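> For reference, the structure I am asking about is given below.
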Amino acid sequence: MKEELLKGLSEEQIAKIKACKNQEEILALAKEEDIELNEEQLEAVSGGGCLASTPSCPYCGASKERVYCGNPPGEVLSGSRVWICKDCGNFWKMS
């Protein structure tokens, strides 16, 4: 994770995150330690960017600008990527 994305975390939290070997460990640590990751941090950790075109939310109809690709907040879906709506919070897999 880029250093600027670690701003706002305690030195202890930063050390624990840096000790993680992969994105899944970081997400699991965040959940276990109740570390609140902002949208930018979450997207960086979850990888982002599933497909070239972003869909609109099928639940609330939010535009593609309000949808991102990654793991749902508080969940680690190893090997899976899902779309997440920033407006309603729902997430879904694309087939």
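> Taking R0 as 35 Å, what FRET efficiency do you get between SER63 and LYS7 from their Cβ-Cβ distance, rounded to the nearest 0.05? Before the final figure, lay out each step's value.
Details: r = 29 Å, r/R0 = 0.82.
It comes out at approximately 0.75.
> For LYS18, which lysines qualify as cross-link partners when the Cα separation must be under 23 Å and same-chain residues fewer than eight apart are set aside?
LYS2, LYS7, LYS31
Each value in this text was obtained by applying a stated rule to the coordinates, not by laboratory testing. Note that the coordinates shown come from a computational prediction; the quantities given were computed from them, not determined experimentally. Here Cβ is always computed from backbone atoms with ideal geometry, including for glycine, and neighbour counts include all displayed protein chains.
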